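Worksheet: the structure to be examined is printed underneath.
Readers should treat all values here as calculations from the given coordinates under stated rules, not as data from a laboratory. Please read all numbers here as calculations on a predicted model, not as lab measurements. No Cβ is skipped: glycine too gets one built from the backbone with ideal geometry, and neighbour counts run over all protein chains shown.
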Amino acid sequence: GNSVTQMEGPVTLSEEAFLTINCTYTATGYPSLFWYVQYPGEGLQLLLKATKADDKGSNKGFEATYRKETTSFHLEKGSVQVSDSAVYFCALSGSGNTGKLIFGQGTTLQVKP
Amino acid sequence: EAGVAQSPRYKIIEKRQSVAFWCNPISGHATLYWYQQILGQGPKLLIQFQNNGVVDDSQLPKDRFSAERLKGVDSTLKIQPAKLEDSAVYLCASSSLSSTDTQYFGPGTRLTVL
């Protein structure tokens with residue numbers, strides 16, 4: 001079945017450091033891929049998405065490229081801020097475009113000033 | 001535009017008791033989802049509605065969980081009787097028919113079963 005695997009956290013970085021959170025997936029067909037973010041005390045928010053191979057999703061300085069050949073969708077940011085501290089979830093859509101999301105286990109990012 | 005509303009935000013019950021959660025999606029969103037998020041894991045879909053019909057309930061433990069969306073707007077998720085392993089955050093999300101891959105999540109209800 002479809003699944004998503006993320007790198008284990010927590011990830012602790014200093015402000016202005018480069019961020020990479022790895023995400024790989026297993027899926028039949030051609031799923032859409034997503035990154036969601038959950039700030040402390042808040043609900044999940046869509047951060048970015050990509051719907052086909054080689055697409056790059058970007059938002060708020062974050063980027064991720066849909067790599068079909070490596071079945072990956074790694075999240076990157078060139079310079080993190082304390083306000084980026086949150087839990088990040090990689091997800092894919094199920095087949096048949098029903099909207100059903102399958103999530104990874106989440107990666108906690110802590111940015112220190 | 002108001003977001004997805006959920007209540008209550010927190011609930012503590014004893015095992016074998018019953019509990020209900022309420023969700024009001026974004027106005028006009030035809031699709032509504034309930035997810036269960038156990039601590040340290042990603043959310044897992046329990047049930048998906050389109051208007052007032054069920055699209056997917058394959059992972060809903062039907063012996064104890066039930067959900068309804070009678071008028072195609074707000075929805076209720078019930079657990080009866082609760083078990084210790086039901087302790088989790090229950091998330092409601094909604095999306096429009098024209099953009100099913102963009103889901104908007106509510107703040108969740110944190111359930112603790114003692």
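The charge dipole of chain A, taken about the Cα centre with unit charges on the Cβ atoms of Lys, Arg (+1) and Asp, Glu (-1), comes to about 300 debye, rounded to the nearest 20. Extent of the stretch B:15-74 along its three principal axes (Cα atoms, max minus min coordinate, largest first): 35, 25, 20 Å. 3J(HN,Hα) along the stretch B:25-30: x, 5, 4, x, 7, 7 Hz, from the Karplus curve 6.51 cos²θ - 1.76 cosθ + 1.60 with θ = phi - 60°, whole Hz, x for Gly and Pro.
Across chain B, C-alpha contacts under 8 Å between residues 6 or more apart give a mean separation that, scaled by the residue count, equals a relative contact order of 37 percent.
Here the simple spin-label model places points 7 Å from the Cα toward Cβ, and for B:LYS44 and B:LEU84 these points are separated by 1.7 nm.
Size descriptors for the protein assembly as shown: radius of gyration and Dmax over Cα atoms are 17.6, 50 Å. Converting phi to 3J(HN,Hα) with the Karplus coefficients 6.51, -1.76 and 1.60 and the offset θ = phi - 60°, the stretch B:63-80 yields 6, 9, 9, 9, 8, 8, 8, 5, 9, x, 10, 7, 9, 10, 10, 10, 10, 7 Hz in sequence order, with x at every glycine or proline. Of B:ILE12, B:ILE79, B:ILE38, the residue with the greatest mean-square motion in the GNM of chain B, using alpha carbon springs below 10 Å, is B:ILE12.
Let me know the volume per residue of the alpha-carbon convex hull for chain A, in Å³.
Hull volume over Cα atoms, normalised by residue count, gives 92 Å³.
Taking the square roots of five times each eigenvalue of the Cα gyration tensor of chain B, the equivalent ellipsoid has semi-axes of 23, 14, 13 Å, listed largest first.
Each of A:LYS68 and A:LEU13 was given a label point 7 Å from its Cα along the Cα-to-Cβ line. The distance between the two points is 2.9 nm. The H on the amide N of B:ARG64, modeled in the peptide plane, is under 5 Å from the matching H of no residue at least 5 residues off or on a different chain. Under the convention that each Lys and Arg Cβ holds +1 and each Asp and Glu Cβ holds -1, the size of the dipole of the protein assembly as shown around its Cα centre is about 560 debye. Distance from a point 7 Å along Cα→Cβ of B:ASP63 to each backbone N in the stretch B:75-101: keep the residues under 17 Å and list them by number. Correct set: B:79-87. For A:VAL4, A:VAL11, what's the fewest-to-most ordering of other Cβ within 10 Å of each Cβ? Lowest count first: A:VAL11, A:VAL4. Using R0 = 30 Å, the C-beta based FRET efficiency linking B:ARG16 and B:THR76 works out to 0.90. Backbone phi angles across the stretch A:13-28, fed through the Karplus curve with coefficients 6.51, -1.76 and 1.60 (θ = phi - 60°), yield HN-Hα couplings of 10, 8, 3, 6, 6, 7, 10, 9, 10, 7, 9, 10, 9, 10, 7, 8 Hz in residue order; Gly and Pro are listed as x.
Charge tally for A:SER32 (other residues, Cβ to Cβ under 12 Å; Lys, Arg +1; Asp, Glu -1): +1.
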